[in-house]
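Notes follow once the structure below has been shown.
Where a number appears in this text, it was derived from the coordinates with a stated rule and is not lab data. Nothing here was measured: the structure is a model prediction, and the numbers come from that model.
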Amino acid sequence: MGSIALVGHARAGKDSIAQYLVTQHGYTRVAMADPIKDALLVLNPLVATPDGAVRIADLVTERGWEGAKSASPDIRRLMQALGTDVARTLFGDDVWIALALRTVGPLLDAGLPVVISDVRFPNEASAFRRIGLRLVKVTRPGFALDTTHESETSYSGIDCDAELINATTLDDLYRRADQILTDHSHGGPARGRRTGGRQR
């Protein structure tokens, strides 16, 4: 099975696909955002919620990261600021790539399949393609996009090998992910193939 990097906007379904590949196909998930989350837990700032200000670590412990981000928009903004405005600006655009490769490289060397769940920037896509990963764009028609930050829009210019359109059910999305794996294992269709419940 070939390794894959998932490209797309927030809440398109990338994490659902990545988790499916882990549980059903034995992939190892690597997320570009994991070091950012780790840093925020160390900093442990107060974030606003409908119930008042709470420490981010307490909120994540109680609800998990996705639940915490839903409860407090501050968290997504902090992740954007730390990941892009601070780290990429001060330490270079490849800072998160270097961290990811520390994990991805040994897995690939061991012949293990990897799924990177959250590629957002063209330089990330280029780096992972160079080491043999296939780029799969995940889109969700009709979902309101966050266009307020660079990290939520930069993915649109990435040229991907295939596209998964998340327009119906999770089971359908998983079935189409399986088809992409089959295509990949047989050499793959022409780049740019789209598969999903709705064509745009």
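Computed over segment 34-91, the P(r) curve from all C-alpha pair distances, binned at 10 Å from the origin, holds 25, 57, 17, 2 percent per bin. How much mean residue ellipticity at 222 nm does the chain get from its helices, if each DSSP H run of length 4 or more adds -39500 (n - 2.57) and you divide by all residues, to the nearest 500 deg cm²/dmol? The per-residue figure over the chain is -13500 deg cm²/dmol. Annotation: extensible slack from residue 112 through residue 81 equals 7.9 nm (criterion: 0.36 nm per residue apart, minus Cα-Cα distance).
You can think of it this way: the chain between residue 25 and residue 44 has 3.4 nm of extra reach, that is 0.36 nm per residue less the Cα-Cα gap.
How large is the Kirkwood hydrodynamic radius of the chain, counting all unique pairs of alpha carbons, in Å? Walk me through the numbers on the way to the answer.
Details: mean 1/r = 0.0569 Å⁻¹.
Result for the chain stands at 17.6 Å.
Helix screen, the chain: DSSP H segments with Cα axial length of 18 Å or more and mean Kyte-Doolittle hydropathy at least 0.0 are 95-109.
Taking amide H as placed 1.01 Å from N in the peptide plane, residue 4 has its amide H under 5 Å from the amide H of 114, 115, 116, 134, each at least 5 places away in sequence or on another chain.
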